[in-house]
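The values are calculated or read from the model by the stated rules, or taken from the named source; none is laboratory data. This one's a predicted model, so the numbers in the text were calculated from it and none came from an experiment. All Cβ positions, even for glycine, are placed from backbone atoms using ideal geometry, and neighbour counts span all protein chains on display. Surface accessibility is based on the protein's heavy atoms, side chains included, excluding ligands, DNA and RNA. Shrake-Rupley method; radii C 1.70, N 1.55, O 1.52, S 1.80 Å.
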Amino acid sequence: MPTTTSTSPTASTEHLTDLADLKSKLARMCEKSGIKQRFAHLTEEILAANPQSSPTARRHPSTPAVPELSASAAAKAIAEWGRPATEITHLIFSTSSAAARASSADRHLASLVGLSPTVSRTMLSLNGCAGGGRSLQLAKELAENNRGARVLVACCEITLPGFYGPGDGCLDNILGQALFGDGAGAAIVGADPVGPVERPLFEIAFASQTTIPGTEDVIFMEIKKGGMDYRISNQFPRLIGCNVERCLIDALDALGVCAKWNDLFWAIHPGGRAILDRIDGVLGLDDGKLAASRHVLSEFGNMSGTTVIFVLDELRRRRAANQDGGEAPEWGVMMAFGPGITIETMVLHAPAGSMLEGN
């Protein structure tokens with residue numbers, strides 16, 4: 001008994017110390033993240049039906065929630081587009097939050113939005129933060145190779161399947177709790193716009209995908225019994241910084257576009273403040289060039305593949321309001337980064353008479 005009473009308080013004290021250290025680390029991460037707020041898609045119905053706190057118990061409620069949240073974003077995009085939902089010919093749905101069930105979330109989304117039974121559906125999963133860029137590039141290829149095609153791109157992520165407690169103190173899990181938020185975004189991609197109804201926001205002039213050799217384990221995602229497990233190396237921002245300029249040069253050269261980096265507009269996936277700071281430094285960008293990305297990170301956090309659509313929307317809003325002052329650049333770049341390491345690069349062109357002008 002004396003041994004028990006003397007050792008038990010010591011073990012408890014060590015455990016409390018460990019938790020205090022983890023809390024301190026999380027607080028520092030949040031403070032340095034550049035994120036003011038994030039959102040979680042948890043309804044009273046979900047919580048009441050699934051009171052358990054384990055990831056296994058909470059993984060399944062996210063499955064219907066993903067297409068439902070996506071349907072809200074898709075409905076807004078279709079309304080702004082101005083044509084009936086039944087005229088959508090293709091659907092690309094990117095998510096890592098509802099990737100282990102058939103019929104899959106894209107089928108549910110098509111029904112919720114009222115798409116035609118003949119719509120051609122493509123489901124993308126586990127593309128991580130590159131999912132938005134990958135979806136838009138596929139949409140560009142479909143639109144250019146199918147006359148009259150209109151492609152609905154929808155991206156959605158819910159953090160519930162990847163929410164873990166401190167566990168063994170793995171910094172990757174703690175980092176995830178500091179960065180990631182829930183959200184859904186949608187866009188419609190087509191070629192040869194029909195006026196006056198269709199007024200494109202941006203033209204996707206060029207798109208490419210680059211994989212950095214030897215980086216397969218820098219970002220790791222796997223669906224396990226307890227939910228989504230992920231690992232993110234602290235080398236990720238450095239590796240992006242070492243490769244981003246080459247991707248940009250190749251993309252602009254392919255179009256014959258000659259421009260200085262500060263002559264472009266920028267829609268960069270804000271995977272984290274460190275990534276944006278690294279790109280700022282490598283390219284020597286003026287203050288405010290990544291303002292749209294930093295604003296989305298601050299207000300919504302990293303929503304994985306969904307985030308870049310939020311950045312495009314914020315960029316559209318700023319340009320329409322001339323918020324950044326001066327004449328808006330004609331050419332711009334969108335980039336997203338994900339497992340692989342994969343870099344999705346798009347050269348964007350703001351057409352005359354688009355919805356960017358005063359709408």
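A few points about this structure:
- Each peptide in 239-248, 269-278 was scored by the mean count of other Cβ atoms within 10 Å over its residues; highest first, the order is 269-278, 239-248.
- The range 234-275 and the range 287-347 have Cα centres lying 12 Å from one another.
- To the nearest 10, the accessible area of VAL282 is 60 Å² with a 1.4 Å probe.
- 27 Å Cα-Cα threshold exceeded, pairs from LYS36/LYS76; LYS25/LYS76; LYS32/LYS289: LYS25/LYS76
- The charge dipole of the range 203-349, taken about its Cα centre with unit charges on the Cβ of Lys, Arg, Asp and Glu (plus for the first two, minus for the last two), comes to roughly 400 debye.
- Computed on protein heavy atoms with a 1.4 Å probe, the accessible areas place TRP81, TRP266 in the order TRP81, TRP266, largest first.
- Rolling a 1.4 Å probe over the protein chains gives THR118 an accessible area of about 120 Å².
- Ranking by accessible area, most exposed first, for GLU222, GLU330, GLU314 with a 1.4 Å probe: GLU330, GLU222, GLU314
- Long-range amide H partners of GLY183 with built H, under 5 Å: GLU157
- Compactness index (Cα Rg / 2.2 N^0.38 Å), the range 203-349: 1.05
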